[in-house]
Amino acid sequence: MGIAAGALIGGAFFLAVFGPGLLRPTNIGWLMRPDSQMYYLAFEHFRREPWHWPPGVIRGVGYPVGTSIGNSDAIPLAAFPLKAVHAWLPEPFQFLGWWLFACFVLQGAAGALVARQVTSDRRLQALTGALFALSPALVHRVGHPALSAHWTIVGAVLLLMAGSLTPWRRFAAWALLTVVTAATNPYLTLMVLGLALCVVLNDLRAAPAPAAVTLALGRAAALLAAAAVVFWAIGIFIVRGSALRFGGFGVYSMNLLSPVIPLGYGRVLPPVPVVQEGQAEGFVYFGAGWLALALVAVGLRATRGRAWPRLGLAWLGVLAFTLLAVSPVVTAGSRVLADLRAWTPGVFDAVRSSGRFAWLPLYLAFVLIVRLALVHLRPGVALALLTGAIALQVADLQGAYAGLYAREHSVAWTQYDNPLKSPVWDQAMGAHAHLVMAPPDMCGSVWPGPVGPHLPFSMLAARHGATVNSGFSGRFDIGEIAAYCRVLQGDLAAARFADDTLYVVSAAERDALARTGAGASLACGTLDGFTVCATPSGAARWRQAARAAGIDLAALAAE
């Protein structure tokens, strides 16, 4: 009952702050933001496309370069089964609200399990679950659903301290958690897998006999292989390793004072300036309730003298992830204490948002704080302490909760005004297999002045199972995209147009086509303020489809 109560509290907290509207599958308005729209559009194309090889590949976004469900952070763990039942899903459809709800439910359950390791009191288990669900770091990541699976990190810390499991059951649990996390997000995977390998090395140190060495190496290889197979299946490896080096390692980091920097979430502690906005990635503010508990735990540790858990090499693993989170640019508040980027290998740019690794020491600290309190205090005292911590946590974060509630219920945030209003768009797209924006926004580095935002055009293409040459992804090959952009520029200049492609061109490109005469082989018009072009045969198919549907093409102003 304690675990179930923790889960219920986590779910109730999510609904109280964000409201039930996010759970409505057809509610997509709240996702029309720069990051959230990337996840939504990736799944929109993924679910309508045929299966590719690897299965997670998405051809329709950023065509012809493409992306994958894994590199778009669109939660393959949920996207794969939903693609299998795509024919029965409503239109439009989103699952991210339910995913977020599940993350809060599982966070509350995981917190209750932390307490159950040291107490059988179900009330204490439920209250501990509530405290974990109230983690500001979790609330902060709601805009990035894949990164909201903090329960995977808490689960890894739980397994780290689960001394009662047999070796094979513990290994099976680590393997399952590794697979689940790999199908969720790479950053979470690195933390879970890193701890799992530390546990394997601990076993090796405890029994260095040849047979034990073979077994440990086999388990390590199995864990690495499991993560690699999942990464391959969801399409992580379609982007070459060298292409992941975007730069930025040291920008999206953790500030050394981050546990006490509210960043607008708390009202008990004063605001503390930071070096740069990117340090929001390393946001691990405890909240006043957890900070109070931490002070109590420090006092208990000093007076009762209880030894720290024997985690062996896992301590070094946590230290390594903490150093990665701090990054080579070491900061405290608004001061830069050291900048070591000149001596940092470029390979670390692959994890440039390294501040996220701070979640591992954060939740390890939470677990240690709770264990100290529950082990040393009588149940009645612990009950009062946890209740007071929850009240203090809520009081500290109440302003942030109110702001999130107001945002999630505002018309400006929850509704999307699609600029493509004419039904002619659907008739045009239905007659073509590809949509080309000239220039697309993904070509900004070599071809500025995009024709418009990719969101409405990507939604249009997805509805018809077509591709679009624009969009963004969490990880992509910048060089390959730049090469495509130059090829497209050459195709337009040479009047190489495809019959199966609908073109949306900017005013500058329209004028260039007119000047060079390349546009003479296109039929163009203006629709909702955008210049739309097709080859004569494509335009004929489009007009035929429009007439069959009873659509008046007078909405398309001929040029």
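Considering only segment 77-121, state which residues are at pLDDT below 95 and within 21 Å of residue 144 (Cβ to Cβ).
Selection gives 92 alone.
Within segment 150-159, can one find any residue that is touching a residue at least 24 places away in the same chain (Cβ under 8 Å), within 21 Å of residue 317 (Cα to Cα), small (Gly, Ala, Ser) and crowded, with 22+ Cβ neighbours inside 10 Å?
yes
Among the listed residues 323, 362, identify the single one that is over 20 Å from residue 148 (Cβ atoms) and aliphatic (A, V, I, L, M).
323
Take residue 251 and decide whether it is among the β-branched types (Val, Ile, Thr), touching a strand residue (DSSP E or B) at 6+ places or on another chain (Cβ under 9 Å) and over 24 Å from residue 157 (Cβ atoms).
Taking the combined requirement at face value, the residue satisfies it.
For segment 160-182, enumerate the residues that are within 10 Å of residue 227 (Cβ to Cβ) and crowded, with 23+ Cβ neighbours inside 10 Å.
178, 181, 182
List the strands (runs of 3 or more DSSP E) inside segment 449-555, counting only whole elements, that have at least 1 residues being farther than 30 Å from residue 47 by Cβ and not aromatic (Phe, Trp, Tyr).
Correct list: 523-527, 530-534.
Residue 532 fails exactly one of the following numbered conditions: (1) surrounded by 15 or more Cβ atoms within 10 Å (Cβ to Cβ); (2) within 15 Å of residue 439 (Cβ to Cβ). What is the number of that condition?
(2)
Where residues in segment 91-145 are surrounded by fewer than 24 Cβ atoms within 10 Å (Cβ to Cβ) and aromatic (Phe, Trp, Tyr), which of them is nearest to the chain's Cα centre (by Cα)?
If we take residues in segment 91-145 being surrounded by fewer than 24 Cβ atoms within 10 Å (Cβ to Cβ) and aromatic (Phe, Trp, Tyr), then 99 is nearest to the chain's Cα centre (by Cα).
Could you list, in sequence order, all residues of segment 125-145 that are assigned to a loop (DSSP other than H, G, I, E, B), over 19 Å from residue 115 (Cβ atoms) and touching a residue at least 12 places away in the same chain (Cβ under 8 Å)? Break it down stepwise before answering.
Let us first name the residues in segment 125-145 that are assigned to a loop (DSSP other than H, G, I, E, B), namely 134-135, 141-144.
Checking which are over 19 Å from residue 115 (Cβ atoms) leaves us with 141-144.
If the condition is that a residue be assigned to a loop (DSSP other than H, G, I, E, B), over 19 Å from residue 115 (Cβ atoms) and touching a residue at least 12 places away in the same chain (Cβ under 8 Å), then 142, 143, 144 are the ones that fit.
All but one of (1) touching a helix residue (DSSP H, G or I) at 6+ places or on another chain (Cβ under 6 Å); (2) buried (at least 19 other Cβ atoms within 10 Å of the Cβ) hold for residue 322; state the number of the condition that does not hold.
(2)
Output the number of the condition that residue 426 fails; it satisfies all remaining conditions of (1) over 27 Å from the mean Cα position of the chain (by Cα); (2) of a type outside the set (A, V, I, L, M); (3) buried (at least 24 other Cβ atoms within 10 Å of the Cβ).
(3)
Restricting attention to segment 54-70, does a residue exist that is of a type in the set (S, T, N, Q), touching a Pro at 6+ places or on another chain (Cβ under 9 Å), outside the structural domain of residue 482 (by TED's automatic domain parsing) and at negative phi?
For segment 54-70, residues of a type in the set (S, T, N, Q), touching a Pro at 6+ places or on another chain (Cβ under 9 Å), outside the structural domain of residue 482 (by TED's automatic domain parsing) and at negative phi: present.
Step by step: first the residues of segment 519-529, then only those that are without any contact (Cβ under 8 Å) to a residue 40 or more places away in the chain and surrounded by fewer than 23 Cβ atoms within 10 Å (Cβ to Cβ), then the one that is nearest to the chain's Cα centre (by Cα). Which residue is that?
Applying the filter and picking the extreme gives 526.
Tell me whether segment 204-218 contains one or more residues that are surrounded by 19 or more Cβ atoms within 10 Å (Cβ to Cβ) and touching an Asp or Glu at 6+ places or on another chain (Cβ under 8 Å).
For segment 204-218, residues surrounded by 19 or more Cβ atoms within 10 Å (Cβ to Cβ) and touching an Asp or Glu at 6+ places or on another chain (Cβ under 8 Å): present.
Which one of the conditions (1) farther than 17 Å from residue 137 by Cα; (2) without any contact (Cβ under 8 Å) to a residue 40 or more places away in the chain does residue 368 fail to meet, given that it meets all the rest?
Just one mismatch for residue 368, condition (2).
Would you check if there is a residue in segment 28-36 being in contact with a Ser or Thr (Cβ under 6 Å, 6 or more places away or on another chain) and buried (at least 21 other Cβ atoms within 10 Å of the Cβ)?
yes
Within segment 168-186, can you find the residues that are under 14 Å from residue 223 (Cβ atoms) and not polar (S, T, N, Q)? Step through it out loud before you land on a result.
Applying the first criterion (under 14 Å from residue 223 (Cβ atoms)) to segment 168-186 yields 168, 170-182.
Result: 168, 170, 171, 172, 173, 174, 175, 176, 177, 179, 180, 182.
Being hydrophobic (A, V, I, L, M, F, W, C), in a loop (DSSP other than H, G, I, E, B) and out of contact with any helix residue (DSSP H, G or I) (no Cβ under 7 Å at 6 or more places or on another chain): is that true of residue 93 here?
It is true that residue 93 is hydrophobic (A, V, I, L, M, F, W, C), in a loop (DSSP other than H, G, I, E, B) and out of contact with any helix residue (DSSP H, G or I) (no Cβ under 7 Å at 6 or more places or on another chain).
For segment 68-88, how many residues meet the condition of being in contact (Cβ under 8 Å) with a residue 60 or more places away in the chain and in contact with a helix residue (DSSP H, G or I) (Cβ under 7 Å, 6 or more places away or on another chain)?
The qualifying residues number 9.
Six or more apart or on different chains, Cβ under 8 Å: which pairs go from a residue in segment 381-392 that's in contact (Cβ under 8 Å) with a residue 60 or more places away in the chain and not assigned by TED's automatic domain parsing to the domain that holds residue 121 to one that's assigned to a helix (DSSP H, G or I) and among the acidic types (Asp, Glu)? Could you list them?
As it stands, the answer is none, since no pair meets every condition given.
Pairs only if they're at least six apart or on different chains, beta carbon under 6 angstrom, first in segment 3-27 and loosely packed, with under 15 Cβ neighbours inside 10 Å, second part of a helix (DSSP H, G or I); list them, first residue then second.
Between residues of segment 3-27 that are loosely packed, with under 15 Cβ neighbours inside 10 Å and residues that are part of a helix (DSSP H, G or I), there is no close pair.
Just wondering, is there one or more residues in segment 298-314 that are assigned by TED's automatic domain parsing to the domain that holds residue 190, modelled with pLDDT of 95 or more, closer than 18 Å to residue 257 by Cβ and surrounded by fewer than 14 Cβ atoms within 10 Å (Cβ to Cβ)?
Within segment 298-314, not a single residue is assigned by TED's automatic domain parsing to the domain that holds residue 190, modelled with pLDDT of 95 or more, closer than 18 Å to residue 257 by Cβ and surrounded by fewer than 14 Cβ atoms within 10 Å (Cβ to Cβ).
Out of all the residues in segment 499-512, which are more than 36 Å from the chain's Cα centre (by Cα) and within 17 Å of residue 435 (Cβ to Cβ)?
Those that are more than 36 Å from the chain's Cα centre (by Cα) and within 17 Å of residue 435 (Cβ to Cβ): 499, 510.
Name the residues in segment 59-90 that are part of a helix (DSSP H, G or I) and within 24 Å of residue 30 (Cβ to Cβ), would you?
76, 77, 78, 79, 80, 81, 82, 83, 86, 88
What pairs come up if the first residue lies in segment 259-288 and is in the same structural domain as residue 399 (by TED's automatic domain parsing) and over 18 Å from residue 390 (Cβ atoms), the second is among the acidic types (Asp, Glu) and outside any helix (DSSP H, G or I), and their beta carbons are under 9 Å apart, counting only those six or more places apart or on different chains?
Short answer, once both residue conditions are applied: none.
Would you mind finding the one in 404, 383 that is surrounded by fewer than 21 Cβ atoms within 10 Å (Cβ to Cβ), part of a helix (DSSP H, G or I), among the aliphatic types (A, V, I, L, M) and within 27 Å of the chain's Cα centre (by Cα)?
Only one candidate passes the filter, namely 404.
The values are calculated or read from the model by the stated rules, or taken from the named source; none is laboratory data. The structure displayed is predicted, hence computed values, not measured ones. So basically every Cβ, Gly included, is an ideal-geometry build from the backbone, and we count neighbours across all protein chains shown.
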